[in-house]
1. Kindly indicate the residue of region B:22-55 that is within 12 Å of chain A (Cβ to nearest Cβ) and hydroxyl-bearing (Ser, Thr, Tyr) and also surrounded by the fewest Cβ atoms within 10 Å (Cβ to Cβ) among those meeting that condition.
2. Please work out if residue A:123 is aliphatic (A, V, I, L, M), in contact with an Asp or Glu (Cβ under 8 Å, 6 or more places away or on another chain) and assigned to a helix (DSSP H, G or I).
3. So which of B:17, B:70, B:76 ends up being at pLDDT below 95, among the aliphatic types (A, V, I, L, M) and under 12 Å from the mean Cα position of the chain (by Cα)?
4. Of the residues A:62, A:25, A:50, which single one is over 30 Å from residue B:39 (Cβ atoms) and in contact with a helix residue (DSSP H, G or I) (Cβ under 8 Å, 6 or more places away or on another chain)?
5. Which ones in region A:87-99 are touching a residue at least 12 places away in the same chain (Cβ under 8 Å) and in a strand (DSSP E or B)?
6. Does residue A:36 fit the bill of being within 14 Å of chain B (Cβ to nearest Cβ), surrounded by 16 or more Cβ atoms within 10 Å (Cβ to Cβ) and either free of Cβ contacts under 8 Å to residues at least 60 places away in the same chain or of a type in the set (D, E, K, R) (or both)?
7. Quick check: anything in region A:74-83 surrounded by 16 or more Cβ atoms within 10 Å (Cβ to Cβ), of a type outside the set (Asp, Glu) and part of a strand (DSSP E or B)?
Amino acid sequence: MVRFKHRYVLAELIFGKDLLIYNITQRVVYAAVRDIIEQLHGRYGIGLITPGLSVKYINEYTRMVMVRCRRENLKLLTSAIPFIKHLPDGKGGQLPCFLRTLHVGGSIRACQKWLVQHNRQVLPTLLLRCTSKEEKSRMRKSIFNSTLVKEEPWNEGKDDT
Amino acid sequence: MKRIVSKGDAPYYYLKVLLEFEDKTMAVDVLTFRTVIMKAMMSMYGEVGAAVQIDILKYEDKTISAILRVAGSNMVKLWGALTMLSYYDEKPCAFRVHQVSPFLMAFAASSRQLLLHTE
């Protein structure tokens, strides 16, 4: 069976300060990736990466970006992502930022599974950074909720011996 | 009998090129020539391509021709980039690649420059 295999790169947007960025859309990240590949690898790079390149997922609150590329061009993409130095904000200026690559997966589902596990690990460190008591209690509640394991209902008298 | 398999990448490849401008009265010195080559590699292969080591072994001012040397693995890139260059500084120009060889000796006598006397 012949089909195009892709790789999904999960990256975290790091800005200078913790702001809620709602002007960063999929289109903005796509344009930034394409521009940096043009700068580093020229027209040849653009020709290599454009089929198969797309931004599959972006979350403004957790600042997660998932970029897809063909399997053959993974190295091109992962080596070019650290060169992205700024993203355009909606008003015509440039926001200095950095895309930190967290994980490379073979499918969107694999990346999502890893992301859930990663968020579970990150929550306790965020708890340490909480300043107010109300924030701390809310953090503790969300950690508690995310680490609960669903209990199987115990069936009494099911097996007859 | 020993069989030697060549992978195809010679250590260096040499190119005999000529830069032709539409304006025949253009004077190009060797530094400008190197910049033209760099711009060609930059537009085609980006900054990574422009960083490829290309040496000008010999340069002729009058004819704007040169003998270039490039690592074997980069030969195809250089040749392609030179082919795709059509403008420098808004002046139309073109690279004519006369001869390409992994051996510099091949440029000593080229059958292209042979003058055949038919009498």
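1. Within region B:22-55, the match that is surrounded by the fewest Cβ atoms within 10 Å (Cβ to Cβ) is B:43.
2. So residue A:123 fails the test.
3. Testing whether each residue is at pLDDT below 95, among the aliphatic types (A, V, I, L, M) and under 12 Å from the mean Cα position of the chain (by Cα) leaves just B:76.
4. So the residue among A:62, A:25, A:50 that is over 30 Å from residue B:39 (Cβ atoms) and in contact with a helix residue (DSSP H, G or I) (Cβ under 8 Å, 6 or more places away or on another chain) is A:62.
5. Across region A:87-99, the qualifying residues are A:87, A:88, A:95, A:96, A:97, A:98, A:99.
6. In short, yes.
7. Checked region A:74-83: no residue is surrounded by 16 or more Cβ atoms within 10 Å (Cβ to Cβ), of a type outside the set (Asp, Glu) and part of a strand (DSSP E or B).
The rows are residues; the columns are (1) in a strand (DSSP E or B); (2) of a type outside the set (D, E, K, R); (3) in contact (Cβ under 8 Å) with a residue 40 or more places away in the chain.
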{"site": "B:49", "(1), (2), (3)": "no, yes, no"}
{"site": "B:57", "(1), (2), (3)": "yes, yes, yes"}
{"site": "B:62", "(1), (2), (3)": "no, no, no"}
{"site": "B:66", "(1), (2), (3)": "yes, yes, yes"}
{"site": "B:69", "(1), (2), (3)": "yes, no, yes"}
{"site": "B:73", "(1), (2), (3)": "no, yes, yes"}
{"site": "B:76", "(1), (2), (3)": "no, yes, no"}
{"site": "B:83", "(1), (2), (3)": "no, yes, no"}
{"site": "B:92", "(1), (2), (3)": "yes, yes, yes"}
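The values are calculated or read from the model by the stated rules, or taken from the named source; none is laboratory data. Not measured: the values here are computed from a predicted model. Positions of Cβ are backbone-derived with ideal geometry, glycine not excepted, and every protein chain shown enters the neighbour counts.
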